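Colleague: First the structure, which I've put down as structure tokens, then a few questions once you've had a look.
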Amino acid sequence: MKSSYSPSKSLQHFINLTRSVIIMLRIDGSYGEGGGQVLRTALALSAITGRAVEVVNIRANRPKPGLATQHMHGIKALARLCNARVEGAEVGSTRVYFEPGEITPQRLRIDIGTAGSVSLILQVLLLPCAFAKSEVLLEIKGGTNVRWSPPIDFVKHVLLPVVAKLGFSAEVEILARGYYPKGGGKVKVKVKPVKKLKGMALLQRGKFLGVRGIAHASNLPRHVIEREAKAASELLAEYNPEIALEERRDFSTGTGIALWAMYENTRLGASALGERGKPAEQVGEEAARALLVEIESGACVDTHLADQLVPFLALAEGRSAFTVRELTGHLKTNIFVTEQILGTRFEIREERGLFHISTRGIGYENRNIH
């Protein structure tokens, strides 16, 4: 009589645990700039690849370490998107374990409840949404134009037009502006699925197409945005900028200006926010000077876009490259995390005052599209 061996429940549990340890990747959240960038990139790539990650020492280099409200909402939204098992998704937590399931197309509604950045929530959601089977709809409430994060205008007018060259397709609709401290902004985003992203080389800007911008304000006199736009236009006069005026009556009060330079192959962005006691002219000049620095550098990608491009290029098929004027902490951090999860390697060299960043992407295919 043939006998068969069946492991005990405790032994089987050990085997399953061992397998999960082998495939799980542990990421140190204190690496590099030590903020939320490590967490956002690690979880986004985890959701796409199906590889479990544990992020520890989250935001260790910040005055208040651990998850802030916006990070918690971003994790929970991503977990819903990919049916993930999560541990540590609480405000103040310095450790998160994320074990993703299948990405499912759906309509996600996220209310940060504060002026937490909508744009930073999108950093963790945009790429995973593109690897669903069909279109994903996002409705996010929070801060659209707040300090220490890209304004929603940057996402709409710089990031998305550039990554569209990779085959990534998404639309942003700004329904309400949200400023610090009240927030209350509202954004709708549609992300279409992609089978595979294609690599691109941003080494030549191509033909100059113009400078555009938006001076926006809520619950403030119209002359505020008029002065912002005038000040920016004077500094950018040689580029004949076209700056729209957006006057609103939204839940929160605030103002700011976003600018972008358009070229045949790329876009460069800059922005500034108003504050109590800060003249409108200073706001406009601040954004214009920041854009001039990027234009005059000769780089094809601005310092804010550079780090956001890294995971896109690593997932794409074939060789990708771009130039940027500065190797920021966010850029170095995103390269590190992306290399750890995807196994890609980024080459960095400095030439004539610019950094040349290049990689060969893994050509990741959307397993939900047959």
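The values are calculated or read from the model by the stated rules, or taken from the named source; none is laboratory data. This one's a predicted model, so the numbers in the text were calculated from it and none came from an experiment. Positions of Cβ are generated from backbone atoms using ideal geometry, with glycine treated the same way; all protein chains shown enter the neighbour counts.
Colleague: If V21 meets every condition in (1) in contact with a strand residue (DSSP E or B) (Cβ under 9 Å, 6 or more places away or on another chain); (2) at pLDDT below 95 apart from one, which number is that one?
Modeller: (1)
Here's the yes/no breakdown for (1) in the same structural domain as P221 (by TED's automatic domain parsing); (2) out of contact with any His (no Cβ under 8 Å at 6 or more places or on another chain); (3) hydroxyl-bearing (S, T, Y):
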| residue | (1), (2), (3) |
| --- | --- |
| Q282 | yes, yes, no |
| A288 | yes, yes, no |
| V293 | yes, yes, no |
| T303 | no, yes, yes |
| Q308 | no, yes, no |
| P311 | no, yes, no |
| A314 | no, yes, no |
| E317 | no, yes, no |
| A321 | no, no, no |
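Colleague: Can you list residue pairs whose Cβ atoms sit under 9 Å apart, with the first residue in the range 335-348 being within 18 Å of P100 (Cβ to Cβ) and the second being in a loop (DSSP other than H, G, I, E, B)? Count only pairs 6 or more apart in sequence or on different chains.
Modeller: Here the result reads V337/Y31; V337/G32; T338/T344; I341/R51; L342/Y364, each pair linking the range 335-348 to a residue that is in a loop (DSSP other than H, G, I, E, B).
Colleague: Need the failing condition index for F336 against (1) under 19 Å from K196 (Cβ atoms); (2) assigned to a helix (DSSP H, G or I), just the number.
Modeller: The number of the failed condition is (1).
Colleague: Let me ask you something else. Among the residues that make up the range 131-139, is at least one of them aromatic (F, W, Y) and in contact with a strand residue (DSSP E or B) (Cβ under 9 Å, 6 or more places away or on another chain)?
Modeller: No; the residues of the range 131-139 include none that is aromatic (F, W, Y) and in contact with a strand residue (DSSP E or B) (Cβ under 9 Å, 6 or more places away or on another chain).
Colleague: Only one residue in E33, E90 is part of a loop (DSSP other than H, G, I, E, B) and farther than 23 Å from F336 by Cβ, so which one is that?
Modeller: E90
Colleague: Just to be sure I understand the filter: pairs with C-beta atoms under 9 Å, separated by 6 or more residues or on different chains, first member in the range 79-93 and closer than 20 Å to K64 by Cα, second member part of a helix (DSSP H, G or I) and of a type in the set (G, A, S). Which pairs pass?
Modeller: So the pair list comes out as A89/A79.
Colleague: OK, next. Quick test for you: out of E275, E317, pick the one residue that is closer than 22 Å to Q123 by Cα and surrounded by fewer than 18 Cβ atoms within 10 Å (Cβ to Cβ).
Modeller: E317
Colleague: While we're on this one: Could you list, in sequence order, all residues of the range 154-193 that are more than 17 Å from the chain's Cα centre (by Cα), aliphatic (A, V, I, L, M) and surrounded by 22 or more Cβ atoms within 10 Å (Cβ to Cβ)?
Modeller: Residues satisfying the conditions do not exist here.
Colleague: Which of the residues spanning the range 194-206 are outside any loop (DSSP other than H, G, I, E, B) and either buried (at least 21 other Cβ atoms within 10 Å of the Cβ) or not charged (D, E, K, R) (or both)?
Modeller: A201, L202
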